Structures are given as C-alpha cells and as structure tokens.
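The values are calculated or read from the model by the stated rules, or taken from the named source; none is laboratory data. Predicted model only: the values in this text are computed from it and were never measured. Cβ sites come from the backbone with ideal geometry, for glycine too, and all protein chains shown count toward neighbours.
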Amino acid sequence: MILSKKLAEYTTKVKYEDLSDEVIEFTKLCILDWFGSALAGKDEKPIQSILELVQEWGGNEQATLITGGKSSIGNACLVNAAASHIVELDDIHKASIIHAGTVVIPAAVAAAEADNLSGKDLITAIAVGYEIAYRIGEAVSPSHYYYWHNTATCGTFGSAAAVAKLLNLNVEQTMYALGNAGTQAAGLWEFIEDGANTKQLHTAKAAYNGALAALLAKKDFTSASRILEGRRGFFNAMSKKYDIEKITRNLGQEFKIMENNFKIHASCRHTHPAMDCVQTIMKTNSLSHEEIQNISIQTYQTVLNITDNPNPKTVYASKFSSQFCAAMIAIKGSASLTDYNQEILQDPEIRRLMEKVSVSNDPYYDTAYPEKWGAKVIITMHDGRTFSEATDYPKGDPEKPADKEELIQKFKTMTKGKVWDPDEQVQAVLRLEEIDVSEWISLGLGEESYKQI
C-alpha cells in the first residue's frame, strides 16, 4: 500500500454531496473562525513586514490579501496565513496538534478565488485538507512535535490536498502534490526560545508550499511516490515513533474536521486547560488574587516544553507563558484578545503573582496526551485554604464545545474596527454554499469595505 496513493484516491473521490449537513455547517464555522483571526492579525507588525515584501515582489492579481488589494496566489497565501496565526485564536486539533485553519483555509481561499470557484467547492476542499493534515499529524505525534511545529510540517500536506481538490487533479497528480508538499515540510520550535516572529513564517510557508506543490502538480511536475513511508521520507526523517495505521483508519467513513477545537483564550492552546481551571476556581469561590499563596499547575510535559516561561519579555511571549496566563486570568478573570498588551505585560500585580505559579509534569495527563489536553490546578490561600479543579479538555474542544453563537460573538470581538459590518460578514460565510468565493471575498475584503472603515 502506497500511502500517498490512498490519500490521493480519497482526495479525488470526495464530493460536496458526501458531506453531511453537520459537516457543512461545522466547516463554515471553521472558515468564519479563520477569517476572524486573519482580520484580527492583519495589522500586526510581523504581518506588515510580510506584506511589504510581497508588495516589493509584485504579482498577478489573482487573489485578495487580508490586508486589502490583490496579488498572486502565493503572495496571498503568505500574507493571509501569517495574519491568521498571530493573535493565537486560531483553531486546533488535539490528536494531531495542528492549527489546520491557518494553513489549509488561506491556500484554499486563494486558489478558489483565482479560479472563480463556488462556495461548495471551497467547503469540500477545506474538509479534505483538514482530513489529510490531521491524519498525517496523528501518525507522527507526539514525538514529531518536540522539534517540529506540526502546523508547519503536516499542515503543508493539508494545504496541498485542499488546492489539489480545487484544481480537480487526478490521482497521479495529487500524489505529485503530496510528494512535493512533504519535501517542503519544515518548521522548527527553536523560535519559541526567543519569542520570535518565525511562527508566522511557519504558517505562511505551509500554505504557500502546499499551494505551490499542487499548482506544479497540475503541470505534471513529479515527486516522490512514497514521501510519507519511504526509507528517506517524512516519517523516518522527522519522527522517533509513528503509526502508519492512523493514515488510513476509517478513511472515507468520517470527517476529522468534526474533531476540530476552537480557542476561547487568546494564548497558546497548551495554556488553556490550566487557565480554565484557574478561572473556575476564582469565580466559583469568589477569591481575591491578593490572598493567593501559590498556584500549582499539574499537567502534561509538552506544556512545560512549550510554555514554561516565568519571565516573558514580549506580549507575544506572554501568550506562551503558563505562569503569565495563569496569573493574568486569576487577576482579570479573562484572557481575551484585548487583555494581552504591553501595559499588562509589565503589570506589577501579575508579575508578583507569576512568582507564585509552579508548573509540573503529572503522569496521568502526560500519558493521556495528545488525545486529552488536561491539567489540575491547586490554589492555596494565605489562610491555609486550598481549592482545586481538574479537566481533561479545555473549553472549545468537542467534549466541551463552543456553540455557534459563541463563535459568532468571538468573530465580532476579533473583527471590531476591522470590517464595516461584522453581521454581514457572518451571514456571508454562513450561506457560503449559495455563493461564489469571489462574491464572499468582495463582501468581506473588497475595496469598499476598507473605504468604509
């Protein structure tokens, strides 16, 4: 069995009619969530740096930039994917540890707009792209994740599959797309040591490289046929341990996009289980943060690997600090997009409470990861009272879902001041199966929208 062939056969076979109403509606919510994150992040400095570069490069006006105007498909992938990842409110899948929306959707939207395809085409391609990305991510996780950023690596396969679907590639061409996506799959976690901008480059290139692989495949540009399982392929090169069966198990019998999770807090998802627990303890018991002696977070090892940072020096780094996130939500009661800012970063109350936060590995949560992302929090007060809360799933997981209205409100919060009429944007996405992608994009990102803001 050649894995790329099995995935290519699946990609070419799936039709819009194969998607249930539930899958269609859920996929549209994924698109809405991506769109909100991209709009929220479009004015951030790292995104403006990427925008300046693509403007210097120039490009045929094929697809709309989230920042306004049009450029090539590749340039749109770079800008729109980077923008959707920077505010840390993009979706996430537990088992594969992938933010699929930020790589699959921008590539698919750019390709669909360039070819004037329908909303139905886009919905189908995105569901397929999530499927491919998640299956490959599940196969290599968690060992791959220690050095490699799954969204950047496995996400490249997802964006390639989505664009291949939109281009109506045959099985052989889709194999070419997957093969050349795999040889470009990259993205190291070392950036986390400096709180650097590289994380945005990861999603930008994953979307770009996937689209590039599919567009070249349309021109019969060949690739390795066994890019996943080959002797010098993706699995052997980039994972200590992998499970090939996860690539094809129940393939075609389910849609993994339904396992997608949505963020409520504007920080790294690994900080969320503990944040939920802290928030519940403080609110339920009407506690004052001034009375806290210490906060103990017991969780899985990856939380320590990625977010054990007792002294974040930038706002972005604070979103990857379990100590900061726990202290902030204990004091403020929330961790929204607007809560993270330069003033809060140096808030003396938060800084003092951070010194009382400890993070440790707990075998229960470590063994359950990545199927479960859990934590237990114990808060001890100066008078000796202790309060504890535990969870296996943060808010926004399928097990603790955010409902449609919550996600619509999240979109409106993220896009305040970014679009003229958020309600119009919501309605356009929710009826995407009835319109063309170009019509949706013109409503949300057309010149008139920007003139009105």
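Observations on the model:
- Which numbered condition Ser442 misses (of (1) surrounded by 16 or more Cβ atoms within 10 Å (Cβ to Cβ); (2) within 17 Å of Leu29 (Cα to Cα)): (2)
Conditions tested, residue by residue: (1) touching a residue at least 60 places away in the same chain (Cβ under 8 Å); (2) of a type in the set (D, E, K, R); (3) closer than 19 Å to Ala114 by Cα.
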position: Ala214; (1), (2), (3): yes, no, yes
position: Lys218; (1), (2), (3): no, yes, yes
position: Glu229; (1), (2), (3): yes, yes, no
position: Ile244; (1), (2), (3): yes, no, no
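- Once region 125-146 is narrowed to residues that are of a type in the set (Ser, Thr, Tyr) and assigned to a helix (DSSP H, G or I), the residue that is nearest to Lys94 (Cα to Cα) is Tyr134.
- Of all the numbered requirements in (1) surrounded by 14 or more Cβ atoms within 10 Å (Cβ to Cβ); (2) without any contact (Cβ under 8 Å) to a residue 12 or more places away in the chain, Ile344 misses one, and that requirement is (2).
- All conditions but one from (1) under 15 Å from Ile132 (Cβ atoms); (2) over 20 Å from the mean Cα position of the chain (by Cα); (3) hydrophobic (A, V, I, L, M, F, W, C); (4) in a helix (DSSP H, G or I) apply to Ala211; the one that does not is (2).
- Taken over region 237-269, residues that are assigned to a strand (DSSP E or B) and closer than 15 Å to Gly137 by Cβ amount to 2.
- Residue list for region 207-237, filter: hydroxyl-bearing (Ser, Thr, Tyr) and within 13 Å of Ala111 (Cα to Cα): Tyr208
- Among (1) under 22 Å from Tyr145 (Cβ atoms); (2) within 15 Å of the chain's Cα centre (by Cα), the one test that Ile264 misses: (1)
- Within region 321-349, the set of residues being within 15 Å of Cys268 (Cα to Cα) and in contact with a His (Cβ under 7 Å, 6 or more places away or on another chain) comprises just one member, Ala335.
- Remark: Arg351 matches the filter, which requires a residue to be surrounded by fewer than 17 Cβ atoms within 10 Å (Cβ to Cβ), under 29 Å from the mean Cα position of the chain (by Cα) and among the charged types (D, E, K, R).
Condition check ((1) surrounded by fewer than 22 Cβ atoms within 10 Å (Cβ to Cβ); (2) in a loop (DSSP other than H, G, I, E, B); (3) more than 22 Å from the chain's Cα centre (by Cα)) across all residues:
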residue: Leu304; (1), (2), (3): yes, no, no
residue: Asn311; (1), (2), (3): yes, yes, yes
residue: Ala317; (1), (2), (3): yes, no, no
residue: Cys325; (1), (2), (3): no, no, no
residue: Met328; (1), (2), (3): no, no, yes
residue: Ile331; (1), (2), (3): yes, no, yes
residue: Ser334; (1), (2), (3): yes, yes, no
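- Tally of residues being in a loop (DSSP other than H, G, I, E, B), under 18 Å from Ser322 (Cβ atoms) and touching a strand residue (DSSP E or B) at 6+ places or on another chain (Cβ under 7 Å) across region 359-393: 2
- Per-region count, region 147-179, residues surrounded by fewer than 24 Cβ atoms within 10 Å (Cβ to Cβ) and in a helix (DSSP H, G or I): 3
- Only one entry of Leu53, Leu122, Leu89 meets the criterion of being outside any helix (DSSP H, G or I) and either closer than 20 Å to Leu169 by Cα or assigned by TED's automatic domain parsing to the domain that holds Ala38 (or both), and that entry is Leu89.
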